[in-house]
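The values are calculated or read from the model by the stated rules, or taken from the named source; none is laboratory data. All values reported here derive from a predicted model rather than from experimental measurement. Cβ sites come from the backbone with ideal geometry, for glycine too, and all protein chains shown count toward neighbours. These area figures cover heavy atoms from the full protein model, side chains too; ligands, DNA and RNA do not enter into them. Shrake-Rupley method; radii C 1.70, N 1.55, O 1.52, S 1.80 Å.
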Amino acid sequence: MDRKMNINEKEWQEFWKKEGVFKTENTSEKPKFYCLDMFPYPSGEGLHVGHPRGYVATDVLSHYKRMRSYNVLHPMGWDAFGLPAENHAIKTGTHPRKAIEENIKRSKEQLGKMGLSYDWDREINTTDPEYFKWTQWIFLRMFKEGLAYEDTLPINWCPSCKTGLANEEVVSGLCERCDAGVEKKNIRQWVLRITEYADRLLDDLEELEWPEPIKEMQRNWIGRSEGAIIEFSVPDFRASVEVFTTRPDTLFGATFLVLSPEHSLVAEVLKRGEEIENINEIKDYVERAKNKSDLERTDLSKEKEGVEIKGLVAVNPLSGERVPVWVADYVLGFYGKGGIMSVPAHDERDYQMAAKYGLKIREFVKGGDLPYEGEGKMVNSGEFSGMDSQKGREKVVDRLEEEKKGRRAVNYKLRDWVFSRQRYWGEPMPIVFCEECCDRIKRYRSDIMEYKDAQGSTFDIEGFQYNIGELRNPGWISMQEDDLPLALPEVEKYEPTGTGESPLALQKEWLSTVCPKCGNEAKRETNTMPQWAGSCWYYLAYVMKGESETLEFPISRYKERFKEWMPVDIYVGGAEHAVLHLLYARFWHKFLYDVGAVPTKEPFLKLKNQGLIMGEGGIKMSKSKGNVISPDEVIEKYGADVLRLYEMFLGSFEDDVAWSEDGVNGMRRFLDKVWTLSEKVGDTKKDDHMENSLHKTIKKVTDDIENFKFNTAISALMSLGNEMKERRSIQREAFEDYIKLLSPFVPHFCEELWRKIGNKPSVFYNEWPQFKEEKAKDTLVTLVVQVNGKVRSQMEVESGTNKEDVQERAKKEVEKWIKEKKVKKTVFVKDKLINFVTE
RNA sequence: GCCGAGGUGGUGGAACUGGUAUACACGCGGCACUCAAAAUGCCGUGGGCCCAAGCCCGUGCGGGUUCGAAUCCCGCCCUCGGCACCA
């Protein structure tokens, strides 16, 4: 038999576009459904076969929702700032914008070929000045509210990308982008106070319908831990050291203190020098620690080592015990107070340290072999002895608080977001540095600090109004909102300088400007924003585009739109952004909520992560292995519908799956079969059995699409197809419903088939088939007959038949297994089984 | 080490709140069509024993609960993902 199917997919794509079949309605009585994909970076290689998996899923869902009379927002755009385009520019000398334009064109073509039903009128591009003026605006708002600060600190530096990185961009000591080993470098940075939102970012996870692993990763990343800060006095220095601990109940067991090499008291010790007998040893050790890379310093396999500060003693605030003080680099300078009380009996790390240097190890919590980290009865702990450690924990802190020697405290692993990059291809930061203002603010700074909690207001200094951000970062002045966007200047060289400054620093003309506050000479900030900035709010831009085609100030004009569309109902993308984009975007969104710009606390209500598509044989697809499959090849050979269907049928949406060419072919065979079925459509008499199967399938497909179980939805459709094949003829209405059920998966094919059986396009103008429960009911069911839980026989009975009515008949069915035994119990499950239990 | 997900035929994978394990597909084998091949159609396909009817065993391993366990409980093993000296 020849293949009768010959579908011009392009023609349908043009038809949809011309007719605006999938355009989002700007005003609508219908309920809304916001269905969002993580927008791609338009790379030079185009898409591979893994990308469309999520896009097809959201497309299926969008089609389905439209047919259920939702007004669906299903947009697409481009996350186009970032290193690949810039590196390409460095190599070829062409402007990154050029490469980006070409890549977008190519990627858009690829998406177009797949027949995805995006509303392209709302397309956005993060590198478009109309777009990034808003990215700059949000940053500016954060700056003004005091959420951005300038700091010179040792940050993660990628020597290959020649830029600083955020904590989240370092993956086990390596650069997330290029896998180069990350170094520590002291550079001036802009940092966003994401830690101020730590609790809300943590608590609000509860209300999100996200995959549990992603939520857990965010919880761990935020890493909230409750405990206490305890003060040990250091009489020799007339000073004190504060330490953070989650186990104040073990305070009596603190047999020494350990400070990180970065600790201020260590610096003090080095300054005082002569009073400490082993000063040179300490100096050496601190110097060595400083030169260690993060990777070396956090290497768990190495032995803990440190140096005692000889002659220095600290006093335990409760026991009064005098304990030695050590410096060791297993204690981190940036966490807690940069120093710890060491309890070798009840902490694995402290135990190792104590064992190595022969320090005191004494048990304070009974419970197991040392080191014992669990709970138990407190011992050797003065008045607290005998208490349960959990209770004792509270009592110890109560006492410390009474004596003003400590307090309850919470610590986070989350650190503030290093937000500036020393590269060209990113959003310029909309702030300038003015010497005059700097001096002016510094003259008054001590007064100002008293007002530091009064956020949101401005302060008058010599007739100039300064906002909190400006006061906290003396000299840095916000640009006027009306002057946004601040465009990227054209440059000769895109090469990063590697000195900690971006190539913008060489653009003398662009660099110098006038202070928007006092009119004196000023210089622009030359760092740019990180990759992640533009994706922190793009889901809002799509909504804004429904109000005005260009994105215009002020934000308040979009208020109603946001109320209408937020939050995003379903967000689909890869799991690799668990603590990057998904955390950053939540942070920005919460800020926008706080300033009254958006009506919801969270941007993305529901999240689904698609699994990876591996190459044939389950090997990861990669250019170097040469096993990358492009959607273009597949579409060329089989058509977009086959590709779409296969991507959805392949396996469970959230699991990793392996690509198989044979499997693709199977999808084509299925569509061929369905095509052939259409020839049997006619005015045949009512077919109850078929109707029953149809309604079961409607239910199954509907539920499965709602739950992202596309693979089983398709298998249900295949089963129904197989059943139709058995028929000599198929009722028209049944076949039409069948096409509708199939249409979200294979839109071109279904349009063609819809027309072939004599209907007017588009099939998508139709309502989704209505499920009728009474039609899906079975009159006959198969009842399984078991003996002692083993299936021995089965029988057809009318559905709803009672135990009494089948019992005797069933017994006969399995007589040979029970005849010599006594049935002591009979278990009956209606419409399912009857089980005879013998002695 | 800690946290999370998961181990089901030759393969991808189904199985609702415990109720016929292996749906749907791929592959493979046989047959039909054909000069032949491809395509297509039909039949078969977890393992073992058996002429057969039938029986036994089977969801990573070992126990348990239950009339009945892939599903629940306890103890292990393995794979993948994340975090990694966070006190």
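Using only alpha carbon pairs under 8 Å that are at least six residues apart, calculate the relative contact order of the range A:104-187 and give it in whole percent.
Value for the range A:104-187: 21 percent.
Pop out the carbon and sulfur fraction of the accessible area of the range A:719-761 as a percent, whole number, probe 1.4 Å.
Carbon and sulfur atoms account for 40 percent of the accessible area of the range A:719-761.
For the range A:52-198, compute Rg over Rh where Rg is the Cα radius of gyration and Rh is the Kirkwood radius from the inverse mean 1/r over Cα pairs.
Rounded to two decimals, Rg over Rh is 1.05.
Quick one: which of A:LYS493/A:LYS523; A:LYS413/A:LYS590; A:LYS545/A:LYS740 span more than 28 angstrom between C-alpha atoms?
A:LYS545/A:LYS740
Cα axis of helix A:581-594 to longest principal axis of chain A: angle in degrees, 0 to 90, nearest 10?
The angle comes out near 80 degrees.
Per-residue HN-Hα couplings for the range A:519-535, Karplus 6.51 cos²θ - 1.76 cosθ + 1.60 at θ = phi - 60°, whole Hz, x for Gly and Pro?
x, 7, 4, 8, 10, 7, 6, 9, 6, 10, 7, x, 2, 7, 4, x, 8
Quick check: with the 1.4 Å probe, what order do A:LYS271, A:LYS606 take by accessible area, largest first?
Final ranking, largest accessible area leading: A:LYS271, A:LYS606.
Based on the alpha carbons, how large is the Rg to Rh ratio for chain A when Rh follows Kirkwood?
Looking at chain A, the ratio lands at 1.06.
What percent does the relative contact order of chain A come to when contacts are Cα pairs within less than 8 Å and at least six residues apart?
In percent, rounded to a whole number, it is 15.
Ignoring ligands, DNA and RNA, what percent of the 1.4 Å accessible area of the range A:673-713 is carbon and sulfur?
49
When all C-alpha to C-alpha distances in the range A:285-370 are sorted into bins of 5 Å, what percent of pairs does each bin hold, rounded to whole numbers?
Cα pair-distance distribution for the range A:285-370, in percent: 3, 12, 21, 25, 21, 12, 6, 2, 0.
For the range A:637-783, report the translational diffusion coefficient in µm²/s to the nearest whole number, using Stokes-Einstein at 37 °C, 0.692 mPa s, and a Kirkwood Rh over Cα pairs.
206
Compute the projected area of the convex hull of the Cα atoms of the range A:644-683, averaged over all viewing directions, and report it in nm² to one decimal place.
Mean projected area of the Cα convex hull: 3.6 nm².
Can you give the FRET efficiency for A:ASN380 and A:GLU209, using 1/(1 + (r/R0)^6), R0 = 30 Å, r = Cβ-Cβ distance, to the nearest 0.05?
0.05
If you take the beta carbon distance between A:GLU216 and A:GLU633 as r and set R0 to 35 Å, what does 1/(1 + (r/R0)^6) give as a FRET efficiency, to the nearest 0.05?
0.40
Long-range amide H contacts for A:MET614: which residues qualify at under 5 Å (H placed 1.01 Å from N, peptide plane, sequence gap of 5 or more or a different chain)?
Counting only residues 5 or more places away or on other chains, the set is A:VAL657, A:ALA658, A:TRP659.
Filter the GluC sites (Glu not before Pro) in the range A:479-584 down to the DSSP loop ones having no more than 12 other Cβ atoms within 10 Å, then list what survives.
Hits after loop and neighbour filter: A:GLU490, A:GLU492, A:GLU549.
Percent of alpha carbon pairs in the range A:16-124 separated by more than 17 Å?
When all Cα pairs of the range A:16-124 are counted, 57 percent exceed 17 Å.
Got a sec? Which residues in the range A:545-580 would a label at A:LEU612 touch, if it sits 7 Å along Cα→Cβ and we count backbone N under 15 Å?
Answer for this model: A:574-578.
Tell me, what is the FRET efficiency for A:THR550 and A:LYS10 to the nearest 0.05, using R0 = 35 angstrom and their Cβ-Cβ distance as r?
0.70
Quick one: how many lysine pairs in the range A:679-737 have C-alpha atoms under 24 angstrom apart, if they're 8 or more apart or on different chains?
15
Tell me the volume per residue, in Å³, of the convex hull enclosing the alpha carbons of the range A:479-563.
Roughly 135 Å³ of hull volume per residue.
So what does A:CYS178 come to for accessible area, using a 1.4 Å probe and Å² rounded to 10?
The accessible area comes out at roughly 50 Å².
Calculate the spin-label point distance for A:SER319 paired with A:LYS356, positioning each point 7 Å from the Cα along the beta-carbon direction, and give it in nanometres.
2.3
Between the helical axis of A:83-92 and the dominant principal axis of chain A, each derived from Cα atoms, what acute angle in degrees is found, rounded to the nearest 10?
Roughly 80 degrees between the two axes.
If you average the sequence gap of Cα pairs under 8 Å that are 6 or more apart and divide by the length of the range A:77-125, what percent do you get for the contact order?
Computed over the range A:77-125, the figure is 50 percent.
Please list the equivalent ellipsoid semi-axes of the range A:340-470, computed as the square roots of five times the alpha-carbon gyration tensor eigenvalues, in descending order and whole angstrom.
Three semi-axes, in Å: 50, 23, 13.
For a quick check of your reading of the filter: which trypsin sites (Lys or Arg not before Pro) in the range A:482-587 sit in a DSSP loop and have no more than 16 other Cβ atoms within 10 Å?
Answer by residue number: A:LYS493.
Tell me the Kirkwood hydrodynamic radius of the range A:725-839 in angstroms, computed as one over the mean inverse distance between distinct C-alpha pairs.
By the Kirkwood definition, the hydrodynamic radius is 17.8 Å.
With every protein chain left in place and a probe of 1.4 Å, what is the accessible surface of A:ASP179, to the nearest 10 Å²?
For A:ASP179, the solvent-accessible surface is approximately 110 Å².
Where the accessible area of the range A:113-251 is counted over protein heavy atoms with a 1.4 Å probe, how much of it, in %, is carbon and sulfur?
Of all accessible area on the range A:113-251, carbon and sulfur atoms account for 44 percent.
Which lysines does A:LYS18 reach when only Cα atoms under 16 Å apart count, and residues fewer than 8 places away in its own chain are ignored?
Candidates past the 8-residue exclusion: A:LYS10, A:LYS113, A:LYS760.
Taking a threshold of 32 Å on the Cα-Cα distance, which of the pairs A:LYS292/A:LYS356; A:LYS302/A:LYS404; A:LYS292/A:LYS405; A:LYS772/A:LYS824; A:LYS162/A:LYS283; A:LYS144/A:LYS337 fall above it?
Among A:LYS292/A:LYS356; A:LYS302/A:LYS404; A:LYS292/A:LYS405; A:LYS772/A:LYS824; A:LYS162/A:LYS283; A:LYS144/A:LYS337, the Cα-Cα distance tops 32 Å for A:LYS302/A:LYS404; A:LYS292/A:LYS405; A:LYS772/A:LYS824.
Under unit Cβ charges (Lys, Arg +1; Asp, Glu -1), what dipole magnitude, rounded to 20 debye, does the range A:1-85 have relative to its Cα centre?
340
Once you charge only the Cβ atoms, +1 for Lys and Arg and -1 for Asp and Glu, what is the size of the charge dipole of chain A about its Cα centre, to the nearest 20 debye?
Its charge dipole is roughly 2120 debye.
Among DSSP beta bridges whose residues both lie in chain A, state the antiparallel percentage, nearest 5.
75
Per residue, what accessible area does chain A have, given a 1.4 Å probe and all protein chains present, in Å²?
Heavy-atom accessible area per residue stands at 45 Å².
How far, in degrees from 0 to 90, does helix A:96-113 lean away from the longest principal axis of the Cα atoms of chain A, to the nearest 10?
Its long axis makes an angle of about 20 degrees.
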